Amino acid sequence: MKKDSDELFQLITALTPAEKRYCSLYLKKNASGDDNRYLALFNYLKDAGEYDAAKIMKQLRYEKRPNHYAVLKKQLYEQLLDALHQFSAFSNPGQQLMQGISQCNLLLQKNLVAQCEKKITTLSKTAVAMDHSVAQLLLQNLKLAVMSKKRFRQISDADLANWEKETLEVNKDLESYSRYAYLNASVAKMNYESSARSAQLTARIKAVIDLPEFSHEKKTRTVHSKELFYQTQAQYHFQSGETQKSMDYLQKNLQLLENNPQTNLFVKSYQTVLYNYLLTCLELKKYALFETNLEKLRNIPNLPAFKRLGKSPQDPMLFCMSYTLEMDYLISIANFKQAHLKVAEIRNGFQQYGEKIPKRNRIILHTMMAYVCFAVAKFDEALENVMPVIQEKENAVAEDMQLVARMIQLLGHFEKGDKILTDSLIKSLQRTLRDKDASGDVLRTVLSFIHTSLRLNKIEKKKWVELQKN
């Protein structure tokens, strides 16, 4: 028997509150009769903490009709996608543009040529303003279809030549975008494949930057191409250790996006570019700039372009981004008292968003919280926060954080005077460090200090610490 899929549950879980409300209304509107099976299943899955097919089928009385349940799930999945499409059409300018083009095709099929021409004129202005080359090309094809419908009456040779010129320019724009998109994706792939900065990675990215396309930003033809130009340059200079140059390109990218809020690109890229800009502010210790732009990051849901999409101020990724950056900043300036006040806010966020917070982001925040709690001598809190990191089984998610977490755990128990447990943790960490490279030297020194300290009385300990200082 085919394994039951939880894709419908995943889709419903991913919906925003506004989307859930709209989907409920859509299902009510499109239901026939009082027995709305789709709405019943939707409401059940919307409130479920996990997907349990057997429990759902029993609750909705499908335990003896598994095939009926499978069909219901598939149909509800399709209805929800259709509802999301309609919901987005109200708020997504790009989708509205493509819907308008579809309407033009319908008008042309009905031989309502004048109405179609009028709509094409309006949509063409919108497509140019949005830097939407795909829509522009579709509209150029519609213009030619209109000429053909008219049997080219009142169409001069100059009109046809002008149509060809416009269409060739649009194709060049698309070609430019495709080229920069490919090169940018190549650089992104290189970065994902490498876990840290290296001379080899820098050389690979430089081979892309040395191409003619990156000799000057004037080589770009569109807003989209220019955004990819800035993005790729910023990645290269950051990778090569030229953080100030990276920051300059990120600043140009932010300016470009802020000057073109009508493009789909603004919604797609602004949050990520601003996040990367904030990272460079931290690295260059430009803290005044950091504070100003952190507020801009948190204010993103209030921007008109994002409001149209129904982006919630309580967005889980925005929560992760802003608090990770703020904790990094407060730790950098050693303001542990203020950082400790943020710990309670982050805990509230964990409770509010639950599984919507990616595991990797949760692990990073737990490690930062543990570090801060230890710094303000809240050792029990520190130990509480390291446990989710230490207990994480997926190495790819937490391996680089677990060594730090285990060190904080050891120091926490040492400060609390748990001698037996501390001695056991030292031995465990020493076994781990035997397999590590020179990057573990500092940890080995700390372990040696604690190990020796446990075996000295107070007077001997004081003398030994003084000796270490000298």
Query - Members of segment 43-96 found to be of a type in the set (Lys, Arg) and either at pLDDT 85 or above or in a helix (DSSP H, G or I) (or both), listed by number - result: Lys46, Lys55, Lys58, Lys73, Lys74
Query raised in the report: Do we have Lys268 as without any contact (Cβ under 8 Å) to a residue 40 or more places away in the chain, surrounded by fewer than 17 Cβ atoms within 10 Å (Cβ to Cβ) and farther than 21 Å from Met130 by Cβ here?
Result: no
Query raised in the report: Counting just the residues of segment 184-210 that are of a type in the set (Ser, Thr, Tyr) and farther than 16 Å from Ser246 by Cα, which one comes out modelled with the lowest pLDDT?
Result: Ser195
Requested in this report: Could you tell me which numbered condition Asn36 fails, if it satisfies all but one of (1) modelled with pLDDT under 85; (2) crowded, with 17+ Cβ neighbours inside 10 Å?
Outcome: (2)
Report task. State which residue pairs qualify: first residue closer than 15 Å to Leu421 by Cβ and inside segment 374-391, second residue of a type in the set (Asp, Glu) in any location, beta carbons under 7 Å apart, and separation of 6 or more residues or different chains. Result -> Phe379/Glu415
**Report entry** Test result for Ile333, in contact with a Pro (Cβ under 7 Å, 6 or more places away or on another chain) and in contact (Cβ under 8 Å) with a residue 24 or more places away in the chain
**Finding:** no
Query raised in the report: So which of Arg65, Arg153, Arg61 is farther than 30 Å from Gln10 by Cβ and among the basic types (Lys, Arg)?
Result: Arg153
Requested in this report: Report, by residue number, each residue of segment 312-327 that is of a type in the set (Asp, Glu) and modelled with pLDDT under 95.
Outcome: Asp315
Report task. Taking Gln262 as the residue in question, decide whether it is over 16 Å from the mean Cα position of the chain (by Cα) and modelled with pLDDT under 95. Result -> yes
Requested in this report: Please verify whether segment 117-133 includes one or more residues that are more than 36 Å from the chain's Cα centre (by Cα) and not in a helix (DSSP H, G or I).
Outcome: no
**Report entry** Within segment 212-222, tally of residues that are over 12 Å from Asn184 (Cα atoms) and surrounded by 12 or more Cβ atoms within 10 Å (Cβ to Cβ)
**Finding:** 5
Report summary line: Within segment 71-106, the residues that are assigned by TED's automatic domain parsing to the domain that holds Lys46, more than 25 Å from the chain's Cα centre (by Cα) and surrounded by fewer than 16 Cβ atoms within 10 Å (Cβ to Cβ) are Val71, Lys74, Gln75, Glu78
Query - Candidates Ser240, Ser246, filtered to the one that is of a type outside the set (D, E, K, R), in contact (Cβ under 8 Å) with a residue 24 or more places away in the chain and surrounded by fewer than 22 Cβ atoms within 10 Å (Cβ to Cβ) - result: Ser240
Query raised in the report: Out of Ala234, Ala203, which single residue is surrounded by fewer than 21 Cβ atoms within 10 Å (Cβ to Cβ) and assigned to a helix (DSSP H, G or I)?
Result: Ala203
Query raised in the report: Got at least one residue in segment 157-169 being hydrophobic (A, V, I, L, M, F, W, C), surrounded by 14 or more Cβ atoms within 10 Å (Cβ to Cβ) and closer than 23 Å to Glu213 by Cα?
Result: no
**Report entry** Flag if Val376 is crowded, with 18+ Cβ neighbours inside 10 Å and among the β-branched types (Val, Ile, Thr)
**Finding:** no
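The values are calculated or read from the model by the stated rules, or taken from the named source; none is laboratory data. The shown structure was predicted, so the numbers you read here are calculated from the model rather than taken from an experiment. Because the Cβ atoms are built from the backbone with ideal geometry, glycine has one as well, and the counts that use them run over all protein chains shown.
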